[in-house]
1. So what are the ³J(HN,Hα) numbers for the range 384-400, from phi and the Karplus equation (6.51, -1.76, 1.60; θ = phi - 60°), rounded to whole Hz, Gly and Pro as x?
2. Sequence gap at least 6, Cα distance under 8 Å: using those rules, report the relative contact order of the range 307-378 to the nearest whole percent.
3. Set the bar at 18 Å for Cα to Cα. Now go through Lys369/Lys474; Lys247/Lys317; Lys316/Lys359; Lys389/Lys450 and name every pair that lies beyond it.
4. Could you tally the net charge around Gln354, taking each other residue with its Cβ under 12 Å from the Cβ of Gln354, Lys/Arg +1 and Asp/Glu -1?
5. Can you list the residues, at least 5 places off or on another chain, whose amide H is less than 5 Å from the amide H of Cys153, using H built in the peptide plane?
6. Expected output is a single nm value to one decimal: the length gained when fully extending between Glu282 and Thr406, i.e. 0.36 nm times separation in residues minus the C-alpha distance. What is it?
7. How many percent of DSSP beta bridges within the range 155-301 run antiparallel, rounded to 5?
8. Using a cut-off of 12 Å between alpha-carbon atoms, which aspartates and glutamates can reach Lys424, once sequence neighbours fewer than 8 places away in the same chain are excluded?
Amino acid sequence: MATKMEQTYISVWNECLKIFRDNLGDSNNFRMWFAPIKPVKLEGHTLTIQVPSPFFYEWLEEHYVSLLRSTIRRTLGPEGRLEYSMVMDSTNPYGLRVPSSFKNETRNPSIVMPVPSRDQLPDPFIIPGIKKIKINSQLNENLSFENFVEGDCNRLARSAGYAIAENPGKTAFNPLFLHSPTGLGKTHLMNAIGLQTKMNHPDLTVLYVSAELFTQQFVTACNAKNTNDFTHFYQLIDVLLIDDIHKLAGKEKTQDAFFQIFNQLHQSGKQLVISSDKPPVELQGIEQRLLSRFKWGLAADLAVPEVETRIAILKKKLESNGVEMPQDIIEYIAYSISTNIREMEGVLNSLLAQSILNKKTITMELARKMIDQIVHNSVKEISIDYIQKVICDHFDLPVDKINSNTRRREVVTARQLAMYFAKKHTKASLASIGAQCGKRDHATVLHAYKTVNNLLETDKNFKLMVEELEKKIKS
């Protein structure tokens, strides 16, 4: 049975809650900021309440101090005072150690509030909700703008990202929604934005987190009944970079938590950068209210890089490793793998490892072997770029020659063969093949295909050449 003293401080706080509800209504604000508070004791005209976290206290003081002051004085009289306390366990909902030593710090004469005695923590999830602490931003130092190769495929996304790093939260690109299939540089660009932001604005709190980790942290917080601390922590971030947002599909409670965080950050002028494997309009299993917010800023795609950009990426990586490689092998890798930069870099890394660790000379044969081992299903993808490269090597022509308007017989034959093999070995439409073969129309591609087929039936030497090219393309 509750003692008379317990009934007194509990009844006083219940009276306060009635006043808060009258002022705020039965709203989310009331449920979020007042319902979790517990009365602790009443001594004279001073009521002590327990709050879940230091951030919680700071939020109350910043947003509801007038309401709190007037309510306490209305309930306890003109001399009414309010003090805060907080109980911290030695572990937190994320299973990580929390500093056990605290000091009292008084923000004003009537407030007593314990705060952490140190101001730097190695992990952002150690004490959710501590304001202005230094955290590990979880950024990969190697994925900078300096190492990000710009091309037509990513120019818009890169430019927007750089502008954000200059003025986070103050551009029209909030949120910046990056989308592309896997392996085309979204994660690299997000890290580059984070690193550049920290360089330009060292006072801002930047955090990169995958949607999977975000979900794991939320589930842990739910199990520990500490979702408020989870939400409060994320609301303190100045620049939040969340990768692979499509992995929140179907997770309603996690989406609801992210929705609250998104709203608070956006309304506070904080920056959000989000990535996905699809544009917002194609995302499935994501709530409509979130999808509408993803469209508030800029949705920028990272397209499949053109062959020149792929070659530049390989050269940049070789340069950063202080390694040289024959140009023909660099071009072979770039032409062989066109739709996944991660796989292309994986082939290069394997070649470098073979060269350095096993002291093997990097040859074309070794490059072909690595490509067969690493590329998905051990089947080398055949792209239009690669087909053009094989044919131009055979005729000893530069690739740009077959895409020109010249009518030289040799060039016309090479161009028609490129169109023929592109139609045979790729899923590209006739219009797409024509566009990549000197901006020809689909009728020209169809004519080239028929011409090659006719020559295969009437010219034995031509047929032998085509069979030889076929082997090279499929090798």
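1. 3J(HN,Hα) across the range 384-400, in whole Hz: 4, 4, 5, 4, 4, 5, 4, 5, 5, 4, 5, 8, 6, 10, x, 4, 5.
2. 29
3. On the way: Lys369/Lys474 13 Å; Lys247/Lys317 30 Å; Lys316/Lys359 22 Å; Lys389/Lys450 22 Å.
With Cα atoms farther than 18 Å apart: Lys247/Lys317; Lys316/Lys359; Lys389/Lys450.
4. Numbers: positive: Lys359, Lys360, Lys369; negative: Glu365.
Neighbour charge sum, excluding Gln354 itself: +2.
5. Glu306
6. Working: separation 124, 0.36 × 124 = 44.64 nm, distance 4.23 nm.
Full extension from Glu282 to Thr406 adds 40.4 nm.
7. Numbers: 0 of 17 bridges.
Rounded to the nearest five, the antiparallel share is 0 percent.
8. Here the aspartates and glutamates satisfying the reach criterion relative to Lys424 are Glu470.
Every number in this text was worked out from the coordinates using simple rules, so none of it is lab data. Everything numeric here is computed off the predicted structure, so don't read it as measured data. Every residue, glycine as well, gets a Cβ built from its backbone with ideal geometry; the counts of neighbours run over all protein chains shown.
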